[in-house]
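Laboratory data are not the source of any read-out in this text; all were calculated from the coordinates shown. None of these values were measured; they are calculated from a predicted model. Note that each Cβ is placed from the backbone with ideal geometry, even for glycine, and that neighbours are counted across all protein chains shown.
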């Protein structure tokens with residue numbers, strides 16, 4: 001059973017991801033309208049900026065960055081090692097967060113699939129009611145009700161269904177006579 005669950009989880013993840021993608025895609029037209037409304041003011045702001053001032057500002061920041069670098073190789077090595085350890089910690093943290101998000105999306109996908117199945121099941125029931133022929137019991141019940149209604153109209157007693165005899169009883173009587 002665990003294998004089936006392991007196979008279902010990625011499928012539920014895919015269903016959850018697809019459902020969230022559809023939900024986000026529904027927001028796109030509103031975002032496009034918002035961007036279209038903001039575009040003229042942003043274009044004017046870009047036109048008003050002086051490219052030389054932007055370039056000078058970038059150069060000043062770069063010079064500040066280069067000037068702040070420590071040329072001591074030993075200190076740079078320690079910083080690199082510290083950054084590597086921090087990177088491992090951050091990677092582990094992101095792995096945990098990714099697993100949690102994966103499980104959340106799988107749970108969302110499972111709920112989505114249940115909802116899809118529920119909707120489909122309701123449609124199937126509706127189709128089955130329309131298409132499904134009447135069962136034999138319902139047909140016999142209707143026939144008996146119609147016979148009773150017809151006999152009530154005529155004033156006679158309702159007709160009783162004929163009893164069926166089984167071949168077994170007849171063969172048992174023949175054997176008793178033969179002995």
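Between residue 42 and residue 90, what FRET efficiency comes out of the Förster formula 1/(1 + (r/R0)^6) with R0 = 25 Å and r the beta carbon distance, rounded to 0.05? The calculated FRET efficiency here is 0.15. Between residue 101 and residue 75, how high is the FRET efficiency from 1/(1 + (r/R0)^6) when r is the Cβ-Cβ distance and R₀ = 35 Å? Nearest 0.05. The pair residue 101/residue 75 has a calculated efficiency of 0.40. As a proxy for reagent exposure, 94, 12 were ordered by neighbouring Cβ count within 10 angstrom, fewest first; the result is 94, 12. Report the far tail of the P(r) of the stretch 2-42, meaning the percent of Cα-Cα pairs longer than 12 Å. Tail of P(r) above 12 Å: 69 percent of Cα pairs.
Remark: 112, 49 ranked as 49, 112, counting other beta-carbon atoms within 10 Å and listing the fewest first.
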